[in-house]
Amino acid sequence: MANKTVLGMVFHGEYPTHPRIENQALHLINLGMEVHLFCVTYKKNEPRHQLYKGIHVHRHYLPSWMYQLSALAYSISLYHLIMKPKLGSFVRDNKIDVLHLHNMYLAQPLFDLNKKNKLPIVLDLHENLPEIMKHYPHLKSALGKVLIHPSFWKKKEEEFIKKSDKVIVVTNEAKIDIESRTKIDSDKTLVLPNFTDSSFIKKSYDQNIANRFADRFNVLYIGDTGTRRGLESVIRSIPLLIHDIPNFNLIIVGSSSNDASLKELANKEGATKYVSAEGWQTENLLPDYVHVADVGICPILRNIHHDTTYANKLFQYALHGKSILASDCIAQKSLIENEEWGLIHSADDAVDFAKQLKTLYHNPELRKKTGQNAAKSIENKYNYGSSGFNNKFYTKLLNG
């Protein structure tokens, strides 16, 4: 093509904060596309326009109260009324050819605008939002129950799926789910997991982190530490582990409002000295923590959302050739067992977690083999180059 295709990505949150968005954008830029990202910021000093790693980032400042209003996007129309003209200017000023919408928070104003613009729209569903919303603390409050209705979000999600030209989901299980609910054609949906960019492998690693965790059997968790992530069962397993694994160490890189409860549980279980709670770390340090890990874990609890998604951490562990111990949520269980990346434990089961981890600990060859399988899978299969997600994916939409 003589001219580059101009892709307009639309995200309701702050950036850079999301590896899925960045990895997709960088992949497409490397293939010759021009990527513009619409996002928001709640910080007045953030640059409104920035060329970041080749991505044209367009930030729109919002006062902090707008963050809460976004949760009411399909209950009260004010959020969409405020965002609609901003989206209109973004599309018009940057001469966008095709739109890529991340999640559904801004779907209504974007589809309303598109009655006039008539641009191809790709809807990228990072998660089953109507289902995972049911687990959000603010929805369990009396006011939240009155104002926010996941059933209505589900109805709107299905409406947007039908209106979109293409839909992207994270797992095959999510593809099956939305196709069964909406009856859309199978070829309308692309499965695109949360692949990790090769830059997650570093040429040299932080020696301070390496020294701190030397001579320990390091079990790593990266991400949000809320109750649905399953860390309680991991902490309860520690008294069952330390006789067999005296140098056991649980590294938690992440945080949430649940941290005080986790700390209290660790104290109750006599496990405090076996837990290294690192809090949130900068993105550039995450590879350093994966580098020191002996096993990467993803102990998330079973629910409709978790059964149809993959966490970013799975691919971060795999890229580094780390053996994985994960709960039996359907999608990740299928991935890890089929590709032989590690072992599976029953969700929210401290005894089974301890049993499977002991198996990995006592079988270093099994850890090595499953880690090698994981790294090989990333190289040969689980990457953007093998996914069908490329510039042709969009130009086909433009050419009808």
| request: Lys and Arg at +1, Asp and Glu at -1: add these up for the other residues within a Cβ distance under 13 Å of Asn208 and post the number. | output: -2
| request: Grab the beta carbon distance between Leu31 and Ser141, set R0 = 41 Å, and tell me the FRET efficiency rounded to 0.05. | output: 0.35
| message | I'd like the FRET efficiency for Leu81 and Lys183, computed as 1/(1 + (r/R0)^6) with the beta carbon distance as r and R0 of 41 Å, rounded to 0.05. | response | 0.80
| query | Put +1 on the Cβ of every Lys and Arg and -1 on every Asp and Glu Cβ in the chain; which of Ile168, Val57, Asn312 then has its Cα farthest towards the positive end of the dipole? | reply | Val57
| query | Taking a point 7 angstrom from the Cα of Ser198 along the C-beta vector, which residues in segment 356-384 have backbone N less than 19 Å away? | reply | 372-384
| message | Given R₀ = 35 Å, what would the calculated FRET efficiency be for Asn363 paired with Ser257, taking r from the Cβ atoms and rounding to 0.05? | response | 0.40
| Helical mean residue ellipticity (222 nm; -39500 (n - 2.57) per DSSP H run of 4+; nearest 500) of the chain | -12500 deg cm²/dmol
| Ignoring any ligand, DNA or RNA, what whole percent of the accessible area of segment 146-201 comes from carbon and sulfur when the probe is 1.4 angstrom? | 52
| remark: For Trp280, Trp341, the accessible-area ranking with a 1.4 Å probe, largest leading, is Trp280, Trp341
| Karplus couplings for segment 178-189 from phi (6.51 cos²θ - 1.76 cosθ + 1.60, θ = phi - 60°), rounded to Hz, Gly and Pro as x? | 6, 5, 6, 7, 10, 6, 6, 5, 4, 6, 7, 10
| request: Kindly identify segment 1-50 as rounded, prolate or oblate by the Cα gyration tensor criterion: order the square roots of the eigenvalues as a ≥ b ≥ c, call it rounded if a/c is under 1.5, otherwise compare a/b with b/c, prolate if a/b is larger, else oblate. | output: prolate
| query | If you put +1 on each Lys and Arg Cβ and -1 on each Asp and Glu Cβ, how big is the dipole of segment 6-98 around its Cα centre, in Debye rounded to 20? | reply | 220
| field | Extension gain (nm, one decimal) between Arg48 and Gln281, 0.36 nm per residue minus Cα-Cα | value | 81.4 nm
| task | Could you point to the residue in Ala374, Gln332, Thr359 farthest towards the positive end of segment 324-400's charge dipole, with +1 and -1 charges on the Cβ of Lys/Arg and Asp/Glu respectively? | result | Ala374
| In whole percent, how big is the carbon plus sulfur part of the accessible area of segment 1-86, probe 1.4 Å, protein atoms only? | 58
| Each residue of segment 38-50 in order: what ³J(HN,Hα) in whole Hz does its phi give by Karplus 6.51 cos²θ - 1.76 cosθ + 1.60, θ = phi - 60°, with x for Gly and Pro? | 8, 8, 10, 9, 9, 10, 5, 8, 6, x, 6, 10, 8
| message | For Glu379, project a label point 7 Å along Cα to C-beta. Then give me every residue of segment 314-337 with its amide nitrogen under 20 Å of that point. | response | 314-324, 336
| task | Just tell me which lysines come within less than 24 Å, Cα to Cα, of Lys134; anything on the same chain fewer than 8 places away is out. | result | Lys145, Lys154, Lys155, Lys156, Lys162, Lys175, Lys313, Lys333
| note | Toy charge model, Lys and Arg Cβ at +1, Asp and Glu Cβ at -1: segment 240-366 dipole around Cα centroid in debye, rounded to 20, equals 200
| request: Select one label from (1) 43, 40, 19; (2) 31, 26, 21; (3) 37, 24, 21: the one whose number is semi-axes √(5λ) of the Cα gyration tensor in Å as derived from the coordinates shown. | output: (3)
| said: Cut-off 14 Å, label point 7 angstrom out along Cα-to-Cβ of Asp224: give me the residues of segment 109-152 whose amide nitrogen falls inside. | reply: 126-140
| remark: Charge dipole of segment 178-310 built from unit charges on the beta carbon (Lys, Arg +1; Asp, Glu -1), centred at mean Cα; most positive-end Cα among Leu265, Ile245, Ile209 is Leu265
| Accessible solvent surface per residue of segment 237-354, calculated while the other protein chains remain in place, 1.4 angstrom probe, Å² | 38
| field | Amide H partners (placed H, <5 Å) of Phe248, local residues excluded | value | Phe217
| task | Quick one: dipole size for the chain, taken about the Cα centre, charges +1 on Lys/Arg Cβ and -1 on Asp/Glu Cβ, in debye to the nearest 20. | result | 1080
| request: Please give the length that would be gained between Lys268 and Lys163 if that part of the chain were fully extended, namely 0.36 nm times their separation in residues minus their C-alpha to C-alpha distance (nm, one decimal). | output: 32.6 nm
| note | Once Lys396 and Asp244 are pulled to full extension, the length gained, defined as 0.36 nm per residue separation minus their Cα-Cα distance, is 49.1 nm
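The values are calculated or read from the model by the stated rules, or taken from the named source; none is laboratory data. Everything quoted here is computed from the prediction, not taken from an experiment. Here Cβ is always computed from backbone atoms with ideal geometry, including for glycine, and neighbour counts include all displayed protein chains. Note: accessible area is taken over every heavy atom of the protein model, side chains too, but ligands, DNA and RNA are not part of it. Shrake-Rupley method; radii C 1.70, N 1.55, O 1.52, S 1.80 Å.
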